[in-house]
Amino acid sequence: QEPTMASSLTRTALRAAASRRAAGSAPKREFSALLSVADEFPGVPSTTPTPAKASSPSVTTLPNGLTVVSEDAATTSTVTLTFPGAGSSSESLDEQGAALTNKCLAFKSGSGLSSLLILRNFEDDGATPFASADRYGATVGYTAAPDMAARLVPLLATSCTFEPWDVKEAATIASEEVKAASTSVPSVLTEQLYGAAYGAQTAMGRPYYSDPAAVPALKSFRSKAYGINGAVLSATGIADHGAFVREVQEGLSEAAVGGGAAAEAATYLGGEARISAPSVGEAHVALAFEGPKSTALLNVVKQCLEIGGA
């Protein structure tokens with residue numbers, strides 16, 4: 001019986017030792033496991049960032065005729081001020097070239113500020129200004145951090161003083177753009193298409209890339225086309241639309257209102273145009289159609305043509 005009792009005690013001791021070994025090999029919960037990553041390492045970026053949200057647009061029309069549009073989803077702010085009547089289709093015959101040259105006068109001296117000071121303000125706030133124009137309108141704007149979006153808005157609507165050095169520089173830039181366009185096949189074809197579609201002597205059919213206009217024509221065109229009545233100010237990355245609108249209204253309180261007159265609707269005629277260019281060595285053909293009046297529908301049609309390889 002003694003050996004049996006000894007054997008029993010041995011088996012009990014072996015089972016206890018095995019249990020201790022098993023307990024020692026099991027993972028233990030350390031102190032750090034009791035804390036979240038944010039508690040243990042403050043400042044560490046979240047491993048579950050906030051999901052992206054859909055943009056929520058807001059629209060307000062001010063008493064001076066300016067329409068303010070903003071959205072709140074973007075992380076940076078791009079602010080644009082579009083003048084629908086500042087395209088070349090709004091030029092009279094003696095103002096030809098004024099749309100392009102006035103685009104080149106963007107951010108030049110005006111409202112008591114020199115062009116250097118205007119650009120320095122953009123630079124100090126980390127903003128990048130830009131300007132564009134075509135037959136249908138002109139746009140000036142900038143890209144900046146959201147907290148700087150409203151502060152720089154007044155610089156988009158300064159009253160140009162047409163300083164001689166600014167006009168000279170703008171004319172030089174415009175001439176270079178005209179020269180570059182004259183050697184670009186897509187630009188030449190586009191100009192020809194508009195002439196064929198609307199008539200070469202109409203405002204819509206005349207070239208956008210025209211030689212710089214004289215100063216009187218520049219002033220006349222700018223006074224009628226660059227008023228904020230009828231213009232559209234759009235901005236991305238704006239968290240509080242109401243506060244943004246109030247700052248815009250205050251910042252543009254002294255901006256030229258203008259008449260808000262839009263260009264006369266062009267009559268689509270249709271037709272064809274040819275240009276002789278023996279030095280090119282090959283033929284280039286472009287085909288255009290009258291687009292739908294709806295901007296949304298027009299964008300869909302353009303997207304379909306691009307997908308199709310057009």
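Do we find a residue being part of a loop (DSSP other than H, G, I, E, B), among the basic types (K, R) and open to solvent by 10 Å² or more (accessible area, probe 1.4 Å) anywhere in the range 133-144? Yes, the range 133-144 has at least one match. Figure legend. Inter-residue proximity from the range 109-129: first residues part of a helix (DSSP H, G or I), second residues open to solvent by 80 Å² or more (accessible area, probe 1.4 Å), beta-carbon distance below 9 Å, spacing 6+ or different chains. Indicated pairs: S115/W165; S115/E169; N121/R151; F122/T128.
Summed over the range 277-287, the residues that are in a loop (DSSP other than H, G, I, E, B) and open to solvent by 100 Å² or more (accessible area, probe 1.4 Å) give a count of 3. Residue count for the range 187-228 satisfying the condition of being farther than 26 Å from G291 by Cβ, in a loop (DSSP other than H, G, I, E, B) and open to solvent by less than 50 Å² (accessible area, probe 1.4 Å): 5.
Taking the numbered list (1) crowded, with 20+ Cβ neighbours inside 10 Å; (2) of a type in the set (F, W, Y); (3) over 28 Å from E71 (Cα atoms) in turn, W165 passes all entries but (1). Screening the range 146-160 for residues that are small (G, A, S) and in contact with a strand residue (DSSP E or B) (Cβ under 7 Å, 6 or more places away or on another chain) and picking the one that is nearest to A86 (Cα to Cα) gives A157.
What do you reckon, is E290 out of contact with any Pro (no Cβ under 9 Å at 6 or more places or on another chain), assigned to a loop (DSSP other than H, G, I, E, B) and among the acidic types (D, E)?
yes
Of the residues screened, D166 is one that is part of a helix (DSSP H, G or I) and acidic (D, E).
The values are calculated or read from the model by the stated rules, or taken from the named source; none is laboratory data. Given the structure is predicted, the values throughout are model-derived calculations rather than measurements. Here Cβ is always computed from backbone atoms with ideal geometry, including for glycine, and neighbour counts include all displayed protein chains. Just the protein is used for accessible areas: all its heavy atoms, side chains included, with ligands, DNA and RNA removed. Shrake-Rupley method; radii C 1.70, N 1.55, O 1.52, S 1.80 Å.
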